[in-house]
Amino acid sequence: MSGRLLSTAVVLHTPDPVLGESLVEAARRAGAEPQLVTDAATFEPALRRTFPMLAVIDLKSSENWRLVLQRCRANPQIDHTPIYALISPAIEERKATATQDLDGLWPRAEAADHLVRAVQRHLEPPIRYPAGWNEAVSREARQGIIEFNQGHYFEQHEYFEEAWKAEARPIRDLYQGILQIGLAFLQMERNNWRGAIKMFQRGFPYLSDLPPVCRGIHLAPFRASVTDIYADVMALGPEAMDEFDSKRLPRLETGDHPHTPITRL
């Protein structure tokens, strides 16, 4: 199975009630949970509150949307969120100045169709097989797996970071994703809800479209566990983080069978 994103929320901004209703319906039809905001001032707070899979902003507005986008990109908690803009012929000249903070431009008349395709693409990314996906993990990564499985989430970061630095090919995403999920677990242990959510959101996309078994690591069950944990942590909120049962934190299973342990070199 491919890896689904952690969140099914989408934030939709438009001051046009008819277009807003169309976008909400399209998002739901595609399997997302839409949140509609009608003024740009509430766009960035909505992203911080929901950590959506993607967001849409309508540029046909008198509000300072450039400043809104700059604030979104300056916030490390949401700077990775894909943001698409709705445009119309009357504001085509805004493209050049807007694209540096945007992931795509959609004609307002075709917005609903674009939204459906984008949601489906984010929910079920096609599996990619980067060069080296079926090779053995590096020596540093093996040590990182050992530390991860022992619950040493700070130490695993050190090893996976070395493995990431040593690997120039895109398969390095495997190491980047695991180390950031490990840091999310570390923040959970420290009762840092916002820090944990941030690391989940940053790390999971690196793993979401990799093969179910990648470099001998069984990613499919790991991703499923992380998705469930993320949903529960979101529901608990910052005031109830200590209620989470740390025994649920998953291991990195390796080998021909999911429970084959990896040994220290």
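The values are calculated or read from the model by the stated rules, or taken from the named source; none is laboratory data. Remember, it's a predicted structure, so these values are computed and weren't measured experimentally. Here the Cβ is made from the backbone with ideal geometry for all residues, glycine too, and neighbour counts use every protein chain on show.
Data table
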quantity: Pairs, first at positive phi and in the same structural domain as LEU179 (by TED's automatic domain parsing) in segment 220-248, second part of a helix (DSSP H, G or I) and of a type in the set (A, V, I, L, M, F, W, C), C-beta under 8 Å, six or more apart; calculated: GLY237/TRP193
quantity: Verdict on LEU219 being closer than 24 Å to SER7 by Cβ and modelled with pLDDT of 95 or more; calculated: yes
quantity: In segment 7-39, the residues that are crowded, with 16+ Cβ neighbours inside 10 Å, of a type in the set (Gly, Ala, Ser) and under 28 Å from MET199 (Cβ atoms); calculated: SER7, ALA9, ALA27, ALA30, ALA32
quantity: Residues that are assigned to a helix (DSSP H, G or I) and either within 14 Å of LEU6 (Cα to Cα) or of a type in the set (Phe, Trp, Tyr) (or both), drawn from segment 111-128; calculated: VAL119, GLN120, ARG121, HIS122, LEU123
quantity: Members of segment 13-54 found to be among the charged types (D, E, K, R) and closer than 22 Å to GLN77 by Cα, listed by number; calculated: GLU33, ASP39, GLU44, ARG48, ARG49
quantity: Single unsatisfied condition, ARG169 versus (1) out of contact with any Asp or Glu (no Cβ under 8 Å at 6 or more places or on another chain); (2) farther than 30 Å from GLU25 by Cβ; (3) part of a helix (DSSP H, G or I); calculated: (3)
